[in-house]
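Only one structure is covered here, and it is reproduced in the block below.
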Amino acid sequence: MSRRKRNNQLSFSDVREVGLDFIELLEETNRRSITERAVLKNIYNEEFRHREGEKDPNFFKVIYVLQSCDKARVTRGRVYFNPNIRRTFHDQWIRPSQRSQNQDTLSLSNSSSPPLPRGQEPTFREPEGGVRGRRKLAKDILQRLNSTHRSEFIADKYGVRVSSEMPMEDGKIQFCVDRAEVHELKLFVKNTGQEVVYFTYYTALQWLQYFTLEDSKKVTRNNPLRLEPREQYEVIVRFKSNHVGVYLAILAFEFKNTQATTHPFHIVRFIEAVYRTKLASLLAPTEPFKPMRLDTFEPEICRVDEGVRPEDCVQNFLETVLPLGRYSPPPHIPELAKLLKDSCTSRTLRGKFQEPQSLLQSKLEFHNYAERFDLLLYLEECQMHVDIKRYNKNKVTLGRDKYDKRLMVLNLPGVSENRPSVLRGDHLLLTKSEEIHASNVTKYKGFVYKVELDQVKLGFSRWFLDNFIEKMKFRVEFTVNRIPIRLEHRAVHMAVQHNLKDVLFPVGSRDMSPLSQPSLRLFDSKLEFNHEQYSAVCNIVAGVSKPAPYLVFGPPGTGKTVTIVEAIKQVEKNMAGAFILACAPSNSAADQLCEKLISSQHVDKGKIYRIYASSRNPKDVPAALVNHSNVEGNTIVLPCKEDLMSYKILVCTLVTAGRLVSGGVPEGHFSHIFVDEAGHAVESETIISVAGLLSAETGQLVLAGDPRQLGPILRSPLAINHGLDVSLLERLMTQKELYNRRENMEYDKRYVTKLLQNYRSHPSILKVPNELFYDGQLMACANEFISNQYCTWEHLPKKGFPVIFHGVPGKDERESNSPSFFNTFEIDIIMNYLEKLLLTQAKRGISKISPREIGVIAPYRKQVEKIRRAINTHEDIQKCMCINDLKVGSVEEFQGQERKVIIVSAVRSSGKFISLDETFNIGFLKNEKRFNVAVTRAKALFIMVGNPIILRTDANWGRFIDFCTEQGGYTGYQFSNVERIEEIEERLLALNIQETMETEESMVQQHLNPEWRHEH
């Protein structure tokens, strides 16, 4: 790949590499001490520039770039190069001599001509060594990789063997160290043939920072070594690093037979030094990774033995007026999914599915609204049924409940974390292990009575209980709860039936008069000093956008929920006939909304009512809300329609709002519907709270959220690729002109308000995401006492800059049948920071931090599990009070949350998986929304742990790393002096990469293993 851009101009980093090459030339020719600019310019132009046939930049541009990146200083006609850059080179013993006018141009070859007779010495013309030799050799290897198998490079040949005292596999020699000391590795170059061979040259194919190479006779092309038959020669590799991680050196050894006209042949070796601590060894893979195929076998004949449903712990006075349809996926959906996944070219299939294909490729409009969402939801559900099989358990035993012999007890690790979600009233299917693959089987349906941590109590039929034998083994199958997705189907159809076109595809406000805000006195007086918050509240009360939704665009920490709560209170106060429905996608977000309303004391608490779904565990309801909700003791009570309609403010999840539709609450009863965290929900989920409840003529829909943060978690790549992952909030802001920014970069305040004052983070934490995602408009307004708390922390690389990027050259690892990645080297660093935070007593004005004020974020589920294990096995950290409050989770689990200190593990440390991340929208790389959420959770201290070389392949991470480097916040593995080796490494390794086993399971499920939604 050419290093030049399309306009044939070298990039800044390319020019820097040219400059560093030039410095190496000066070093290897003993001219590093020269400082006169004119002399250096002459050396550059005469001896260095335009090498390899490429047009290099002029001398002054090279010096300017080296100055810009702190590699050189220019004063009064002299150039002083930074003494700390690239001081470790391979050809340290090259002998400067007169350059021949007609040098041989070496080419890489793996063949040889017959040797000269024994005793006859060859004569070699002087070839290039040093930086030129290394670069030419590397270039030749790269040019031939596409047509040459890796095995030819690593194979011993023509009687020459390159081995080691350590085991070698596939050309790689790996050794491990557990402390920061010099480790020595001996490589043996042996002539096992019958003829003399000349060892002419050896070099690394990339810069060496932590390795040095040495041989006693200082072999170079100017000083070749004659190897007699059976003669062996040692090359010593020394390694030392103060930082844990995996370090790679790619070495090429060059040999010639005794005939001067023959081409040299080469042998390549990969040296991998692993600096791993005892903790990293403890967390290392338990067994090699073996991809698991999901067992999708279904018997030809299956009888279901119905279990016993739990006695209803719900008192339901809300009669069903509008029954919920089944909306079962058509039988052809799996076949369609396969067609789309495989990009099938079969004319028969394309003809058969021409209509659904056309529907997916068409733009979402009101005329195809229900049909298009139906199809997308079918595809998503199809993938859900596949992914849920990941949790199926084989050879499981049950036990009878000690307290209720009618119930069976099943241990299911992961259920407490909703992996998968199991709620009261759900059911599991059990099959006797010996009957799994029979053609005629009986599946026993067990209904869930109780979920206690990772233990589930199930109700089976009398026949099952009577014939149950202790230690009998079963296969357990999990099932998908279809209620939420059925409600989404109904909602999109009702949106069309109730003609919500002006709400879903708005073209403007009915009130075209100039914007005039009402003058309001806010309950929260602080909001009156925030122009954007005050404006949003006034516009919502005035209803200036109707029938179009009003959007509150709330970047991180800008008080979005506070604004919505104030708007609700003002509507209730100023509009006598107002009835308000306040919703959020999750129970936690809805609880937060309700708690803020109740605690404000500005609205009569008797007017506020929190509705929970019948599946909600009463024990999970916040104490402050119990008396203002439908929870009575251990029972969920659903009041009748008339009682519900008497409350001025109802609060529930989006899915639970569908119960109001089923219960017959009339359209238009709610004058205002507010949806907080609207960016987290798929559009069809948001519509559950709108269709059948909001009047397009008189009602006002308010959506609050941030389209630049993570949206809903979906599993089907087909549904995602065709737009199901776009929330209603994001669609309006990106596809409808009303909500687009105008030429002055401002939004039309009749339809949208962008909040600008960030009350969460230190300015340094906020700076990069502000510039990347919010046009630099956010203002840091956090409480300085809190946000500046870690500015004097003794472990900061730079005082006053509470942002750290800790570079770690780690390794992507997997284990057993879990495809999720983890990186033990990064966990080492994280634990070191946790020790410094939790085990250091308060000093220098920094109070001791509580575990609940620290969050650790990782993008892959297995890394989360490994970090938790490291914390749980650390004796001193476990002694900290409330250590269980230290949250470790995925980015999705932290969205909408904040902590005083956030530590993030990037995990990814191999370039060969980057395309996987990008294609399937997992990990941090190539996902700006996940990056944005991760870096905006911290108030006072943000620590990022990752591989800088890999992360810099992403523009957003590159900007963040550059910012940390410029500000002095970078520490750990020093990458700035390392030449990029990804191209060499990856193209060599790519020749032997094993493909991941094909599986029907989604990449989201395999790598992220997200919680299964249970917000209903």
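So here's what we get for this one:
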| item | result |
| --- | --- |
| Partner aspartates and glutamates for Lys290 [C-alpha distance under 17 Å; skip if fewer than 8 residues away on the same chain] | Asp812, Glu813, Glu815, Glu995, Glu998, Glu1000, Glu1001 |
| Whole-Hz couplings from phi, Karplus 6.51/-1.76/1.60, listed for the stretch 369-382; x for Gly and Pro | 4, 5, 5, 5, 5, 3, 5, 5, 5, 4, 5, 5, 5, 4 |
| Global form of the stretch 763-976, assessed from the alpha-carbon gyration tensor, a/c cut-off 1.5 | oblate |
| The stretch 514-755: relative contact order in percent, alpha carbon pairs under 8 Å with at least 6 residues between | 27 |
| Burial order of peptide ranges 800-812, 889-901, 26-38 (average beta-carbon count within 10 Å, highest first) | 800-812, 889-901, 26-38 |
| Nitroxide proxy distance, nm - points 7 Å out along Cα→Cβ at Asn418 and Lys217 | 7.0 |
| Tensor-based shape of the stretch 273-394 (alpha-carbon gyration tensor, a/c under 1.5 rounded, otherwise prolate or oblate) | oblate |
| Whole-Hz ³J(HN,Hα) from phi, Karplus 6.51 cos²θ - 1.76 cosθ + 1.60, for the stretch 642-656, glycine and proline x | 4, 5, 4, 6, 7, 7, 6, 10, 9, 10, 7, 6, 4, 5, 5 |
| All lysines inside 25 Å of Lys596 as judged from Cα atoms, apart from same-chain residues fewer than 8 positions distant | Lys526, Lys560, Lys569, Lys573, Lys605, Lys607, Lys619, Lys648, Lys754, Lys887, Lys900, Lys939 |
| Modelled FRET efficiency - R0 56 Å, Arg406 with Asp511, Cβ distances, 0.05 increments | 0.35 |
| Relative contact order (percent, whole number), the stretch 301-483, Cα cutoff 8 Å, 6+ residue spacing | 32 |
| Added length on full extension, which subtracts the Cα-Cα distance from 0.36 nm per residue, Ser600 to Asn872 | 94.0 nm |
| Amide proton proximity set for Ser600, modelled H, under 5 Å, gap of 5+ | none |
| Peptides ranked, highest mean first, by Cβ atoms within 10 Å: ranges 824-835, 241-252, 435-446, 355-366 | 824-835, 241-252, 435-446, 355-366 |
| Filter on Lys393/Lys473; Lys389/Lys471; Lys190/Lys217; Lys393/Lys471; Lys767/Lys929; Lys798/Lys929 - keep pairs with C-alpha separation over 18 Å | Lys389/Lys471; Lys798/Lys929 |
| Phi-based couplings in Hz for the stretch 280-296 (Karplus 6.51, -1.76, 1.60; Gly and Pro marked x) | 4, 5, 5, 8, 4, x, 6, 7, x, 6, 10, x, 9, 8, 6, 7, 9 |
| Relative contact order (%) - criterion: Cα under 8 Å, at least six apart; region: the chain | 11 |
| Options (1) 217; (2) 227; (3) 291 - which one matches volume of the Cα convex hull per residue in Å³ as calculated here | (1) |
| 0 to 90° range, to nearest 10: angle between helix 531-542 axis and the chain longest Cα axis | 30 |
| Separation in nanometres of the label points that stand 7 Å from Cα toward Cβ, at Lys290 and Lys450 | 3.9 |
| Theoretical gain in end-to-end length, Lys395 to Asp156 [0.36 nm per residue, Cα-Cα removed] | 81.1 nm |
| Protection proxy ranking, peptides 212-222, 322-332, 702-712, average beta carbon neighbours within 10 Å, highest first | 702-712, 212-222, 322-332 |
| Restricting the stretch 710-783 to trypsin sites (Lys or Arg not before Pro) in coil, as DSSP defines it, with at most 13 other Cβ within 10 Å | Arg741, Arg742 |
| The stretch 474-552: trypsin sites (Lys or Arg not before Pro) falling in loop per DSSP and having at most 15 other Cβ within 10 Å | Arg510, Arg521 |
| Gain upon complete extension [Gln361, Asn721; 0.36 nm per residue less C-alpha separation] | 128.6 nm |
| Residues Gln194 and Arg76, FRET efficiency given R0 of 56 Å [Cβ-Cβ distance, rounded to 0.05] | 0.30 |
| Sites Asn574 and Lys471, calculated FRET efficiency, Cβ-Cβ separation with R0 60 Å, nearest 0.05 | 0.30 |
| Helix axis angle, 861-872 relative to the chain longest principal axis, alpha carbon, degrees | 90 |
| Label-point gap, in nm, between Lys172 and Asn42 - each point 7 angstrom along Cα→Cβ | 5.0 |
| Residues whose placed amide H lies under 5 Å from that of Lys900, excluding near-sequence neighbours | Lys939 |
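We did not get these values from a lab; they are worked out from the coordinates using the rules stated. Fair warning: this is a prediction, and the values are worked out from it, not measured in the lab. Glycine also receives a Cβ, built like all others from the backbone with ideal geometry; neighbour counts cover every protein chain displayed.
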